[in-house]
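The next block holds one structure in the form of structure tokens; read it before the comments.
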Amino acid sequence: MKLDINTITRENVKSLKPYSSARDEFEDFDTAEMIFLDANENPFQTGVNRYPDPQQLSVKAILAKNNKVKTSQILLGNGSDEVLDLLFRAFCEPKIDNIISLPPTYGMYSVLADINAVENREVLLSTDFQPQVDQILDTVDDSTKIIFLCSPNNPTGNSFSDESVVKLLQNFKGLVVIDEAYIDFSKKESWLTEIDEYPNLIITQTLSKAYGLAGIRLGICYASEAVISVLNKIKPPYNVNELTQQRAINRLNNPETIKNEIASIIEQREELVKVLLEVSFVEKVYPTEANFVLVKVDDANKRYDQLIEKGIVIRNRTSQPLCENCLRLTIGIPEENAVLIKELKLLK
């Protein structure tokens with residue numbers, strides 16, 4: 001499907017002249033012996049006295065190589081939440097446009113819709129936690145700009161079927177955002193391989209989960225050059241700080257460590273699932289392709305309180321649609337999982 005980005009971009013964004021920072025105007029070449037007197041910085045060396053690269057080119061170069069995309073197809077943000085917020089601000093006209101989300105799902109889609117005064121039309125997942133594609137398409141109107149798909153989904157842990165995703169990409173004239181925060185724990189291939197096939201496809205990923213860098217706040221957006229160009233117009237000039245960029249580069253340059261940690265989490269996940277199936281008050285363990293497990297229990301509030309008393313903090317999801325009496329358990333290190341398993345077996 002062809003997509004003319006101008007037809008879905010907000011009018012004020014199309015005419016916007018982005019702020020040009022000192023580092024944007026300076027064309028980088030060999031800077032080793034250069035004297036920088038352009039940005040009103042403190043000249044005394046602290047390691048972070050200079051503004052960071054506004055385009056984070058060193059980080060993007062690694063991501064581009066690893067994922068076989070162009071750096072011009074990548075936007076980095078202060079966590080995935082900033083990336084998602086930029087999508088609202090670029091493409092959704094407040095009090096006019098709407099987006100579609102599929103509960104139970106990541107709660108920030110709804111929060112960001114409210115912040116940006118954009119209607120959030122919710123279409124519940126099916127009872128097996130899959131998109132109800134025909135119902136979604138029936139909910140779309142001329143003011144629907146974005147459909148948010150979280151796959152693997154939070155809090156359910158499952159991935160959405162390829163058929164559902166393709167049907168939405170082929171039949172929706174707006175943007176389809178696939179949030180792949182948990183893709184590294186799944187056997188399914190990332191939708192990144194289809195980024196050039198579908199101009200309306202946007203992929204968001206993060207270094208918070210598999211890469212163990214939640215504290216540095218680095219979110220990633222992969223999309224067509226046209227979409228990224230629009231987002232670059234409105235992003236803050238220095239939205240990713242120098243320390244975050246340095247830490248991300250160090251971690252990305254250690255792929256074997258990351259691979260081993262992911263393998264450990266998946267192994268521990270399978271062990272926990274086996275135990276949960278034998279716990280008397282667990283009624284169902286949902287299939288998962290993430291670093292957590294969703295379980296249905298007899299009384300979620302009671303079991304949550306019992307584990308808190310034992311010093312174990314989990315997530316009670318019983319208030320979410322289709323998740324009555326469900327708890328979400330994140331996979332910890334082996335020692336933490338052993339304590340959880342021990343306490344689960346002792347609960348009455």
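The values are calculated or read from the model by the stated rules, or taken from the named source; none is laboratory data. Being a predicted model, the structure only gives us computed values, none of them experimental. As a convention, Cβ positions derive from the backbone with ideal geometry for all residues, glycine included, and neighbour counts pool all protein chains shown. Areas reflect the complete protein model, heavy atoms only, side chains present, ligands, DNA and RNA absent. Shrake-Rupley method; radii C 1.70, N 1.55, O 1.52, S 1.80 Å.
Data for the structure
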{"read-out": "Residue count, the stretch 166-212 (criterion: in a helix (DSSP H, G or I), more than 24 Å from residue 292 (Cβ to Cβ) and touching a Phe, Trp or Tyr at 6+ places or on another chain (Cβ under 9 Å))", "value": "3"}
{"read-out": "Extreme residue, farthest from residue 240 (Cα to Cα), among residues of the stretch 33-61 that are β-branched (Val, Ile, Thr) and open to solvent by 80 Å² or more (accessible area, probe 1.4 Å)", "value": "35"}
{"read-out": "Search result, residues across the stretch 104-118 that are in contact (Cβ under 8 Å) with a residue 24 or more places away in the chain, touching a strand residue (DSSP E or B) at 6+ places or on another chain (Cβ under 8 Å) and open to solvent by 40 Å² or more (accessible area, probe 1.4 Å)", "value": "106"}
{"read-out": "Filter result for residue 22 (touching an Asp or Glu at 6+ places or on another chain (Cβ under 7 Å) and farther than 28 Å from residue 111 by Cα)", "value": "yes"}
{"read-out": "Test for residue 215: is it within 16 Å of the chain's Cα centre (by Cα), of a type outside the set (Phe, Trp, Tyr) and part of a helix (DSSP H, G or I)", "value": "yes"}
{"read-out": "Looking only at the stretch 85-121, and only at residues there that are farther than 22 Å from residue 235 by Cα and of a type in the set (Ser, Thr, Tyr), the one that is farthest from the chain's Cα centre (by Cα)", "value": "101"}
{"read-out": "Within the stretch 250-281, considering residues that are open to solvent by less than 50 Å² (accessible area, probe 1.4 Å) and among the basic types (Lys, Arg), the one nearest to residue 188 (Cα to Cα)", "value": "269"}
{"read-out": "For residue 30: the one exception among (1) modelled with pLDDT under 95; (2) in a helix (DSSP H, G or I)", "value": "(2)"}
{"read-out": "Qualifying positions in the stretch 218-234 - in a strand (DSSP E or B) and among the aliphatic types (A, V, I, L, M)", "value": "220"}
{"read-out": "Single residue of 261, 278 found to be free of Cβ contacts under 8 Å to residues at least 12 places away in the same chain and more than 30 Å from residue 103 (Cβ to Cβ)", "value": "278"}
{"read-out": "Any hit, the stretch 327-335, residues being over 21 Å from residue 181 (Cα atoms) and either out of contact with any helix residue (DSSP H, G or I) (no Cβ under 9 Å at 6 or more places or on another chain) or open to solvent by less than 40 Å² (accessible area, probe 1.4 Å) (or both)", "value": "yes"}
{"read-out": "Sole residue being closer than 30 Å to residue 262 by Cα and open to solvent by less than 10 Å² (accessible area, probe 1.4 Å), chosen from 172, 160", "value": "160"}
{"read-out": "Odd one out for residue 145 among (1) within 21 Å of residue 73 (Cα to Cα); (2) free of Cβ contacts under 8 Å to residues at least 12 places away in the same chain", "value": "(2)"}
{"read-out": "Odd one out for residue 284 among (1) touching a Lys or Arg at 6+ places or on another chain (Cβ under 8 Å); (2) exposed (fewer than 14 other Cβ atoms within 10 Å of the Cβ); (3) not in a strand (DSSP E or B)", "value": "(3)"}
{"read-out": "Counted residues, the stretch 301-326 - those being within 22 Å of residue 210 (Cβ to Cβ) and open to solvent by 50 Å² or more (accessible area, probe 1.4 Å)", "value": "2"}
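Rundown of residues vs (1) in contact (Cβ under 8 Å) with a residue 24 or more places away in the chain; (2) in a helix (DSSP H, G or I); (3) among the aliphatic types (A, V, I, L, M), yes/no style:
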{"site": "42", "(1), (2), (3)": "no, no, no"}
{"site": "61", "(1), (2), (3)": "no, yes, yes"}
{"site": "72", "(1), (2), (3)": "yes, yes, no"}
{"site": "86", "(1), (2), (3)": "yes, yes, yes"}
